[in-house]
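Before any comments, here is the structure.
Just so it is clear, none of the values below were taken in a lab; they were calculated from the coordinates. Quick caveat, the model's predicted, so the values are computed rather than measured. Note that we place each Cβ from the backbone using ideal geometry, even for glycine, and neighbour counts take in every protein chain shown.
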Amino acid sequence: MAGFEQQVKERAKELKVFFKKSVKIVGDSCKKGWYKVKHIRK
């Protein structure tokens, strides 16, 4: 059972890292999109 818990913890760590990366990517693309929208309106 201890082995299973260890596996779950490893997966949780990986998911956290992956989530942070995806959030950063989405945030960057959103910033670029807003930048374009603002420039089009002027």
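How many nm separate the modelled label positions at Ser29 and Leu15, each set 7 Å beyond the Cα in the direction of the Cβ?
2.2 nm
What is the sum of charges around Ile25, taking Lys and Arg as +1, Asp and Glu as -1, for the other residues whose C-beta is under 12 Å from the C-beta of Ile25?
+4
Which ³J(HN,Hα) values, rounded to whole Hz and listed in residue order, are derived for region 25-32 from phi using the Karplus coefficients 6.51, -1.76 and 1.60 in 6.51 cos²θ - 1.76 cosθ + 1.60 with θ = phi - 60°, glycine and proline given as x?
3J(HN,Hα) across region 25-32, in whole Hz: 5, 4, x, 4, 5, 5, 4, 4.
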